[in-house]
Amino acid sequence: MSMLSHAPCTSRTLFTAMTLGVAVFVTGCASTPPPTSQLAVAQQAVNSADTARSAEFAPLELRTAREKLLQAEQANLEKDYDRARELAEQAEWDARVAERKAQAEKAKRGLESARQGTQELREESLRRVQ
């Protein structure tokens with residue numbers, strides 16, 4: 001026989017076992033909360049990217065943001081809150097990249113249009129002088 005089968009069950013042993021059990025139970029109950037705010041921020045970022053015409057100027061980045069947002073929502077439904085939070089944060093940043101890229105492309109096109117307009121005015125003024 002082993003020595004454990006003959007070990008006396010003292011109040012100290014019981015207290016230690018109960019404390020450990022309560023700690024495990026409390027740790028299990030204190031799980032990660034749903035990433036509600038991160039999902040909302042990611043959705044808002046995707047909406048902003050849509051408004052900035054990212055589908056036209058940054059389609060890959062916008063598609064990636066949408067896919068990650070959908071994955072985050074699915075992970076949230078599956079109560080995998082850590083993964084949902086991580087994917088929502090990635091979706092937010094991908095959407096912000098898409099928005100900035102779209103803004104930069106629109107600014108670039110605006111600058112090119114202004115340069116072309118200036119060139120046309122120069123050419124017209126030179127024709128008048130001749």
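Just so you know, all these numbers are worked out from the coordinates, no wet-lab data involved. Just so it is clear, the structure is predicted and the values come from calculations on it, not from any experiment. Note that we place each Cβ from the backbone using ideal geometry, even for glycine, and neighbour counts take in every protein chain shown.
For the reader, a short list of remarks on this structure follows.
- All other residues whose Cβ lies under 15 angstrom from that of Gln74 are scored, Lys and Arg at +1 and Asp and Glu at -1, for a net of -1.
- Gain upon complete extension [Gln44, Arg127; 0.36 nm per residue less C-alpha separation]: 24.7 nm
- Counting only residues at least eight positions apart within a chain, or on another chain, the lysines with an alpha carbon under 19 Å from that of Lys68 are Lys79, Lys101.
- Cut-off 19 Å, label 7 Å out along Cα→Cβ of Ser31, residues of region 81-103 by amide N: 81-88
- For Lys106, the aspartates and glutamates whose Cα comes closer than 15 Å to its Cα, not counting residues fewer than 8 places off in the same chain, are Asp50, Glu56.
- Our estimate of slack between Ser113 and Lys79, defined as 0.36 nm per intervening residue step minus the Cα-Cα distance, is 7.2 nm.
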